[in-house]
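Take a look at the structure below.
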Amino acid sequence: MFPSVREVLELDPVRNGAPRVVAGERGLDQAVRWVHSSEVPDIATLLRGGELILITGIGLPVDEAGLRRFVAEIADVGACGLAVEMGRRFERRLPAVMVRTAEELGLPLVELHRGTPFVLITQAVHGMIVDAQLAELRATAEIHQRFTDLSVEGAAPAEVVAQTAALAGAPVVLENLSRQVLAYDAAGGSAELLLANWEAHSRAVQPAGRTGHDAGKGWLVTVVGARGQDWGRLLIRLPVARDRDVTLIERAAATLALARLTKRDKHQDEHRDEHQDALEHQDALERQAQSALLVALVGHTAPVADVIVRAKALGVHLERRQLVGVVLRGCSAGVAARALRDASLAGLAGALDGDLVGVLLALRAAGDEPDALRRLAVRVRELAGGAVVVAAGEGVATPKEARRSLLEASQVAVSVRRPAAGPEDVVRLADVGLPGLLHMLRDEPRLQTFVERELGPLLAHDARNPREQLLGVLRVYLERGRNKSAAAEHSHLSRPAFYERLARIRRITGADLDDVQVCLSLHVALLALDAQRD
């Protein structure tokens, strides 16, 4: 917000004075909070810190001890610099004792070798400060407005983090208390470099206080939480932290904390345990982050290398692992995540499209796959308290192949028509059969055309004659292996009546119901119709 001494020396009114820095160059980047001009020797008593002092020297002590004391006193109170106009008290150079003392204390000491009205310097610097303060106020107002809008909209943590990165112009990371990354924005930089070895890097960032800047590591950090229940940290990578940056990170953290409070289940007991609520919210954030990774893998919306780095930041290693895609139907992402933990399995768990939940198991060896799937299936069904479809894809050896395993598991999950045989039941592609295959292809136009060609006339007849449903007769006949007597008995019809209805089906469809190939085609069409109607 404030100009530095170095920037002030570049202003035209100062340059007209032919400035020459004779000591304290290491302090030239200090902020100039005000400009003060006075010739009294005890000026230090009037200062509050951050002032650039302009003098001619006519009021300075005449002895070396007095000159040394004058320089030391203004440095001690925090003055950021001393500029002396030459020609009034000092002709060509300042006394060596002043130069030596200023250098020892790091106080910028400037000789002005041409006369210049101090008021012009004061006006120029104060104009810079006022402009900077107005810009700071506008920026702060924008920060508050932006995060107020996000709070009202109920924005997700990833969106809050993205907005924080945009306002800061720097990378931002939201982590939980275990130093696992819940959301991040690399601000246009490399995510891989940002998140590489994140846990160790994060643990080394230890600022003082609830909000603080670790200058050595270059991170501004604040704790995220509410009502005494902290659940994470928000970090912005900044070499120097301004007041505006502190406002930004604290406002962002407040928005994240508010989101947790407002998203509580309103139907839960009002005396709910606060600590348990904080843990569940933290789990929800982790599931959101993991869901994003699974969706990115399935949808090819992010490079695999990026997914690997982000998963590692969440504590899940995908490289040099046997990866198995699992898709669950009939339970929540929270159940899947808890089942992973309870079964002591490593992996990602999160919601996919529709009512499906995805799990990517990361196993140390291919031989661990059967036992891991069994343990996961048993625990999922215990937690869900009902029938859950557990479908698994083929195990793969690299993250690049994980998409194939997840897609296969997804196809199997939506194709399963039978209930689980037992708590350990896991369905694979080989178990799906023809009904499952047709269910996978139910949206294929060529399959739909096939169904219409085979069954269209019969469906049209039944639509015109709702009391005479011949499609059901055909279904019973085919399911009983073309055994007319058994089919008639199952339909509760006399044999002549059943035979007469088969004859009408022949006339309507033109199909030879005694031909095995024709009946096979009709049976496949019936199964495909069931899949389309499901």
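The values are calculated or read from the model by the stated rules, or taken from the named source; none is laboratory data. Here the structure is a predicted model, which means the values were calculated and not measured. Cβ coordinates were reconstructed from backbone atoms using ideal geometry, including for glycine residues, and neighbour counts include every protein chain displayed. Remember, those area values only see protein heavy atoms, side chains included, never the ligands or the DNA or RNA. Shrake-Rupley method; radii C 1.70, N 1.55, O 1.52, S 1.80 Å.
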Legend entry - Computed label-point distance, nm, for sites residue 471 and residue 486 using a 7 Å Cα→Cβ extension: 2.4
Legend entry - Separation between Cα centres of the stretch 58-118 and the stretch 477-528, rounded to whole Å: 111
Legend entry - Helix 516-533 vs. the chain, principal-axis angle (Cα, 0 to 90°, nearest 10): 40
Inset, instruction - List the residues whose amide H sits under 5 Å from the amide H of residue 314, counting only those 5 or more places along or on another chain, with H placed 1.01 Å from N in the peptide plane. - result: 181
Inset, instruction - Bin all alpha-carbon pair distances of the stretch 1-126 at 10 Å intervals from 0 and give each bin's fraction as a whole percent. - result: 14, 52, 32, 2
Inset, instruction - Work out, step by step, the length gained on full extension between residue 407 and residue 506: first 0.36 nm times the residue separation, then minus their alpha carbon distance; give nm to one decimal. - result: 31.5 nm
Legend entry - Ratio of the Cα radius of gyration of the stretch 158-263 to 2.2 N^0.38 Å, where N counts its residues: 0.97
Inset, instruction - Quantify, in whole percent, the carbon and sulfur part of the accessible surface of the chain (1.4 Å probe; protein heavy atoms only). - result: 50
Inset, instruction - Return the aspartates and glutamates within reach of residue 400: Cα separation strictly under 13 angstrom, same-chain partners fewer than 8 residues apart disregarded; answer none if there are no such residues. - result: 306, 319
Inset, instruction - Quote the charge dipole size of the chain about the Cα centre in Debye, to the nearest 20; the model charges only the Cβ of Lys and Arg (+1) and of Asp and Glu (-1). - result: 1260
Legend entry - Ranking by accessible area, most exposed first, for 178, 151 with a 1.4 Å probe: 178, 151
Legend entry - Length-normalised contact order for the chain - Cα pairs under 8 Å, 6+ apart - percent: 8
Inset, instruction - Give the Debye-formula value of log10 I(q)/I(0) at each listed q (0.17 Å⁻¹), with one equal scatterer per alpha carbon of the stretch 278-362, two decimals each. - result: -0.63
Legend entry - the stretch 368-419: relative contact order as a whole-number percent, Cα under 8 Å and 6+ apart: 31
Legend entry - Angle in degrees between helix 96-105 and the longest Cα principal axis of the chain, rounded to the nearest 10: 20
Legend entry - Accessible area per residue, Å², the chain with all protein chains present, probe 1.4 Å: 49
Legend entry - Ellipticity estimate at 222 nm from DSSP helix runs (n ≥ 4, -39,500 (n - 2.57)) divided over the chain, nearest 500: -16000 deg cm²/dmol
Inset, instruction - Mind grabbing the base-10 log of I(q)/I(0) for the stretch 312-408 at q = 0.19, 0.22 Å⁻¹? Debye formula, identical points on the C-alpha positions, no solvent, two decimal places. - result: -0.82, -1.11
Inset, instruction - Note down the nm distance, to one decimal, between modelled labels 7 Å out along Cα→Cβ at residue 104 and at residue 371. - result: 7.3
Inset, instruction - Treating the Cα atoms of the chain as identical point scatterers in vacuum, please give the log10 of the normalised Debye intensity I(q)/I(0) at q = 0.07, 0.10, 0.12, 0.13 Å⁻¹, two decimals. - result: -0.64, -0.93, -1.08, -1.17
Inset, instruction - Straight distance only, please: which aspartates and glutamates reach the Cα of residue 484 with their own Cα at less than 19 Å, same-chain residues fewer than 8 apart left out? - result: 468, 500, 512, 514, 515
Legend entry - Sites residue 15 and residue 45 - FRET efficiency at Förster radius 25 Å, r taken between beta-carbons, to 0.05: 0.20
Inset, instruction - Restricting to the chain, compute how many DSSP beta bridges are antiparallel as a %, nearest 5. - result: 75
Legend entry - Normalised contact order of the stretch 341-398, rounded percent, pairs of Cα under 8 Å and 6 or more residues apart: 26
Inset, instruction - Grab the Cα-Cα distance for residue 517 and residue 64, subtract it from 0.36 nm times how many residues apart they are, and report the gain in nm with one decimal. - result: 151.4 nm
